[in-house]
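Below: one structure, written as structure tokens.
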Amino acid sequence: MSELTREQAQALIEEVLEVYPEKAKKDRAKHLMVNDKTIEQSKKCITSNRKSVPGVMTQRGCAYAGSKGVVWGPIKDIIDISHGPVGCGAYSRGGRRNYYAGTSGVDSFCDINFTSDFQEKDIVFGGDKKLAKLIDELEGLFPLSKGISVQSECPVGLIGDDIEAVAKKKQAEIGKVIVPVRCEGFRGVSQSLGHHIANDAVRDWIISNRDDKAFESTPYDVAILGDYNIGGDAWASRILLEEMGLRVVAQWSGDGTLAEMENTPKVKLNLLHCYRSMNYIARHMEEKYAIPWLEYNFFGPTKIAESLRDIASHFDDKIKEGAERVIAKYTPAMNAIIAKYKPRLQGKKVMLYVGGLRPRHTIGAYEDLGMEVIGAGYEFAHNDDYDRTMKEMKDATLIYDDVTGYEFEEFVRQLKPDLIGSGIKEKYAFHKMGVPFRQLHSWDYSGPYHGFDGFAVFARDMDMTVNNPCWGMLKAPWLKEEESTGELKAA
Amino acid sequence: MANIMVRKSADGGLSFYLPKRDIEDSITSIEFDTPEKWGGEIRLGNGGVYFIDPIPAPARLPISVRARRVDGVE
Ligand code: SF4
């Protein structure tokens with residue numbers, strides 16, 4: 001498909017909106033836009049972080065999912081109790097493949113579902129006693145855990161349980177950090193508020209725990225925030241930082257531990273990969289501990305080099321030289337990858353619809369491979385995310401916020417991208433339409449994609465998806481043209 | 001009244017952040033900006049106007065302060 005002009009893109013949006021009733025149409029129109037690089041502030045042309053229209057298919061999660069699944073879940077030595085009925089926990093139990101080094105059930109607990117399994121009587125009589133009992137049981141069964149968090153599901157907020165009181169009492173009893181998190185699913189319009197609530201809980205219960213403890217610091221201490229170590233992403237990032245001479249003190253929600261988080265206020269610079277889910281705590285540390293923070297992007301060699309230099313600019317010449325050395329070391333390998341895959345991927349068009357950072361962060365990596373992102377959108381972004389995205393996207397590309405199942409399918413039908421990067425809920429719909437698809441939340445069981453090593457995997461995966469011969473064979477039998485069925489019969 | 005955070009942005013100017021609503025914007029003007037008196041009316045890039053009770057200039061930024069919305073969006 002040739003490139004759209006601004007008018008054509010706008011006409012496409014209007015055509016897609018046509019089927020909605022008046023009110024829904026008016027609402028959805030505010031969430032779709034044609035990119036215009038001259039606009040500085042996205043809020044003039046796109047609305048985000050609003051309630052989804054009832055009746056449409058949205059891909060969002062809830063605040064509990066944002067807190068339990070994203071921020072707290074991947075901290076490996078903390079046990080997260082899904083406090084409430086059993087169901088909610090199933091979908092937020094390490095499903096994104098947040099890797100960790102440790103022994104599950106002994107010192108690491110990312111992939112185990114702990115729940116208070118509320119029954120009718122807990123709703124009627126309250127669940128506080130059960131919670132206290134549960135904490136005792138956990139302490140008996142998993143003595144090597146370093147802390148416990150209580151992740152409230154909807155009913156806990158509705159019946160007014162006092163989980164804070166239970167947490168305080170038990171914390172004094174067992175001598176471990178116990179964090180009550182008020183992340184009931186009904187709060188906010190998406191998982192985004194859950195990230196915020198989770199960050200606030202870290203701020204209130206964890207971050208200042210070691211304020212007056214001695215710490216042997218170096219001038220080169222940094223922390224990685226918001227890298228969820230999906231398929232080993234954070235590891236592939238960490239080695240680059242270490243190679244350039246920095247010391248990574250903490251990895252937070254990606255193979256991170258409680259101790260690492262408690263030591264984070266001692267670092268010199270906070271490195272923020274996913275801005276959306278972790279900026280809150282970075283802002284807090286900036287104010288309280290005067291630690292600057294920096295957003296970086298470790299997708300694709302161009303952006304990695306840019307980010308490494310950016311990070312180094314906060315340190316002395318030793319680190320700056322280190323960054324150059326690292327870039328020089330990997331450049332030949334990266335050039336070889338680009339030489340291999342670019343000819344196979346050149347000019348291919350990509351549409352993205354993911355979560356916190358990928359719709360803008362991966363654009364550079366696709367461009368390194370000669371591919372072009374023609375549409376991008378987020379499930380739960382805010383305006384500051386779109387401000388950043390508009391700068392990365394070309395003019396007259398599509399930007400869609402909280403896109404509905406129908407809109408996304410229609411855009412794909414018309415724009416005919418060569419690749420879609422989105423989530424598991426979209427995956428099979430597009431498979432059936434015969435459009436090459438990568439699941440960009442958990443890297444489709446692959447990864448890492450961050451760092452130089454990750455780019456090698458990224459390039460290979462994109463190639464084997466886009467150029468896979470299977471996509472042409474997915475036409476439903478009743479959609480096949482007459483002659484081909486005739487041929488089949490003859491054969 | 002709302003809690004806001006004022007921080008130095010990368011370009012050297014000031015930026016405004018309202019945690020409760022997750023709104024971030026540039027501060028285009030601030031009424032008082034001397035060592036003895038800092039705050040007053042602040043104007044944002046999006047046209048919003050907030051009022052901070054003037055205080056002696058903070059030793060370092062960012063700083064969280066209470067502010068009142070006077071005019072404009074959100
Ligand atoms: S919205 Fe409530 S009930 Fe549903 S998954 Fe989230 S916490 Fe559980």
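Just so you know, all these numbers are worked out from the coordinates, no wet-lab data involved. Worth saying up front: this structure is predicted, and the values here are computed from it rather than measured. Positions of Cβ are generated from backbone atoms using ideal geometry, with glycine treated the same way; all protein chains shown enter the neighbour counts.
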Checklist entry - Under 16 Å Cα-Cα from A:Lys44, which lysines qualify once same-chain neighbours fewer than 8 residues away are excluded? => result A:Lys26, A:Lys30, A:Lys391
Checklist entry - What residues qualify as long-range amide H neighbours of A:Phe118, i.e. H under 5 Å apart, gap of 5 or more or another chain, H built at 1.01 Å from N? => result A:Gly84, A:Val86
Next on the checklist: Order these by the 10 Å Cβ neighbour count, fewest first: A:His361, A:His83.
Outcome noted: A:His361, A:His83
Item to check | Value in Å of the Kirkwood radius, where the stretch A:42-194 supplies the Cα pairs that are averaged | outcome: 16.2 Å
Next on the checklist: Using a 10 Å cut-off around each Cβ, can you sort A:Ser192, B:Ser64 from fewest to most neighbouring Cβ atoms?
Outcome noted: B:Ser64, A:Ser192
Checklist entry - What are the radius of gyration and Dmax of the stretch A:328-424, computed over its Cα atoms and given in Å? => result 14.3, 46
Checklist entry - Using a ≥ b ≥ c from the Cα gyration tensor of the stretch A:258-398 (square roots of the eigenvalues), is it rounded, prolate or oblate, where a/c under 1.5 gives rounded and otherwise the larger of a/b and b/c decides, a/b for prolate? => result oblate
Checklist outcome for this item: From fewest to most C-beta neighbours within 10 Å, the residues A:His314, A:His195 line up as A:His314, A:His195
Next on the checklist: What aspartates and glutamates does A:Lys349 reach when the alpha-carbon gap must be under 17 Å and sequence neighbours fewer than 8 apart in one chain are set aside?
Outcome noted: A:Glu3, A:Glu367, A:Asp368, A:Glu372, A:Glu392, A:Asp395, A:Glu409, A:Glu410, A:Asp418, A:Asp461, A:Asp463
Checklist entry - Cα centroids of the stretch A:426-480 and the stretch B:22-61: how far apart, whole angstrom? => result 49 Å
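Report Rg/Rh for the stretch A:161-286, rounded to two decimals, where Rg is the Cα radius of gyration and Rh the Kirkwood radius.
Result for the stretch A:161-286 is an Rg/Rh of 0.99.
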Checklist outcome for this item: Partner shielding of A:286-293, as the mean number of partner chain Cβ atoms within 10 Å, equals 3
Checklist entry - Rounded if a/c is under 1.5, else prolate if a/b is larger than b/c, else oblate: which is the protein assembly as shown, with a ≥ b ≥ c the root eigenvalues of its Cα gyration tensor? => result rounded
Checklist entry - So what's the net charge close to A:Phe408: Lys and Arg +1, Asp and Glu -1, counting the other residues with Cβ under 13 Å from its Cβ? => result -3
Item to check | Placed amide H near A:Leu269: partners under 5 Å, 5+ positions off or other chain | outcome: A:Ala223
Next on the checklist: Just to be sure I follow the definition: excluding the sites themselves, where is the longest run in chain B that has none of the trypsin sites (Lys or Arg not before Pro) in a DSSP loop with at most 13 other Cβ atoms within 10 Å?
Outcome noted: B:38-59
Checklist outcome for this item: Mean other chain Cβ within 10 Å across A:192-200 is 1
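What translational diffusion coefficient, to the nearest whole µm²/s, does chain B have by Stokes-Einstein, given a Kirkwood radius computed over alpha-carbon pairs, a temperature of 10 °C and 1.306 mPa s viscosity?
In µm²/s, the coefficient is 132.
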Item to check | Prolate/oblate/rounded label for the stretch A:369-447 (Cα gyration tensor, a/c 1.5) | outcome: rounded
Checklist entry - How big is the C-alpha Rg of the stretch A:350-491 next to the rule-of-thumb value 2.2 N^0.38 Å, as a ratio? => result 1.15
Next on the checklist: Using each residue's phi in the stretch A:191-200, evaluate 6.51 cos²θ - 1.76 cosθ + 1.60 at θ = phi - 60° and report the 3J(HN,Hα) Karplus result to the nearest Hz, with x for Gly and Pro.
Outcome noted: 5, 4, 5, x, 4, 4, 4, 4, 4, 5
Item to check | Net +/- balance of residues flanking A:Gly447 in space, Cβ distance below 15 Å, scoring K and R +1, D and E -1 | outcome: 0
Next on the checklist: Taking θ = phi - 60°, what integer Hz values does the Karplus form 6.51 cos²θ - 1.76 cosθ + 1.60 yield along the stretch B:48-62, in sequence order, with x for Gly and Pro?
Outcome noted: x, 10, 10, 10, 10, 4, x, 9, x, 4, x, 4, 8, 10, x
Checklist entry - Got a sec to turn the phi values of the stretch A:116-124 into Karplus ³J(HN,Hα) couplings, 6.51 cos²θ - 1.76 cosθ + 1.60 with θ = phi - 60°, whole Hz, x for Gly and Pro? => result 7, 6, 4, 10, 3, 5, 6, 5, 6
Checklist entry - Under 5 Å between amide H atoms, partner at least 5 residues away or on a different chain: which partners does A:Cys183 have, H built in plane at 1.01 Å? => result A:Ser152
Item to check | For residues of B:57-66, the mean tally of beta carbons on other chains within 10 Å | outcome: 2
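How charged is the neighbourhood of A:Leu352? Take every other residue with its Cβ under 12 Å from the Cβ of A:Leu352, and add Lys/Arg as +1 and Asp/Glu as -1.
Net local charge, A:Leu352 excluded: 0.
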Next on the checklist: Can you say what percent of the DSSP beta bridges in the protein assembly as shown, counting only those with both residues inside, are antiparallel? Round to 5.
Outcome noted: 45 percent
Checklist outcome for this item: Projected convex hull area of the stretch B:31-74, Cα atoms, direction-averaged, in nm², equals 3.2 nm²
